[in-house]
Amino acid sequence: MSFHLIGLQLGSEDDVLARAVEALDEVEPGETAFLSESLAWTPEASGRAYANLIALAQERDINIVTTLNLGGELIHDLPGHDPLERYACVAIFTRHGVAHIPQAKLTPQSFERDVERDEELIAVARYERLNLVTLDMDDELVRARFLACSDVAALTRFRPDELACDLLVVLGNFPLGAEKAAHRLLGTALAHGVAESAVLVNGFHAPALGKAALAERVEEVLDATPAHEPAAAWESPRSLRSAFFVYPDDEVTDFVSLATHDKRRARIPVAESMWEAPVELGSYPVTVVF
């Protein structure tokens, strides 16, 4: 398939959307763009981004995959969702003018679920299904799973053969160092036959002079060489677990405190309340035609 990976520079929601639209100018007709997590995270900005991207995809004859904070009628096709809740959704905008919401975030960070915060009301619910999504790409049916950043923790919850698909897509907003842990996890997944290929795209932070970066850009495709049948078990479940930093929910109030937590040590952060929350395997009932 023909695609672009676009790791977006972190900033205000208006700035990130403007950067995304500019970067999408490089995508050729018929191609697919995978954007890093957090193109928009509040309801209002996500609504604006939704309207912009569905029109842009059709106008430019391209497909766009990103994450947005959505609820109500905009997520009518998200399997098993609560109609009264909002979710950090994986949103697919096709060149045919169709929007699909096949997956939502399984492990939203504590500040993404906090309805008491005054600065930015994100307030998404956690989603409880990891869906298999069928993509019709270049006249080929591709079985895909989409993981929003820390949702890579789902790899620890199921056997490789239970997760089997053709393509793993990770849309990340990993804090510095965690993107390397995610890369290693995807390599392990491919080595165990979970997928034939994986996509990892991560947003990045451009700090002021003299300041440390909070996140590093990644735009990478990994392939299983050679492809083989999925294993019935992980060779070392403990090594999977070691990639994660499980933190008490009240210790993190925003992305900065998440990235700079003194106990994280380059691991992937997951809120304690999310670490063992139930997740089931499901499927998206519609074939997404690119």
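Laboratory data are not the source of any read-out in this text; all were calculated from the coordinates shown. Small disclaimer: the values here were computed from a predicted structure and weren't measured. Every residue, glycine among them, receives a Cβ derived from its backbone with ideal geometry; neighbour counts consider all protein chains shown.
Points to keep in mind about this one:
- The requirement of being surrounded by 21 or more Cβ atoms within 10 Å (Cβ to Cβ), out of contact with any strand residue (DSSP E or B) (no Cβ under 7 Å at 6 or more places or on another chain) and of a type in the set (A, V, I, L, M, F, W, C) is fulfilled somewhere in region 180-187, by at least one residue.
- Residues located in region 154-197, provided they are part of a strand (DSSP E or B) and either farther than 24 Å from Asn131 by Cβ or within 14 Å of the chain's Cα centre (by Cα) (or both): Leu167, Leu168, Val169, Val170, Leu171, Gly172
- Some residue of region 241-255 being within 26 Å of Leu141 (Cβ to Cβ) and in contact with a Phe, Trp or Tyr (Cβ under 9 Å, 6 or more places away or on another chain): no
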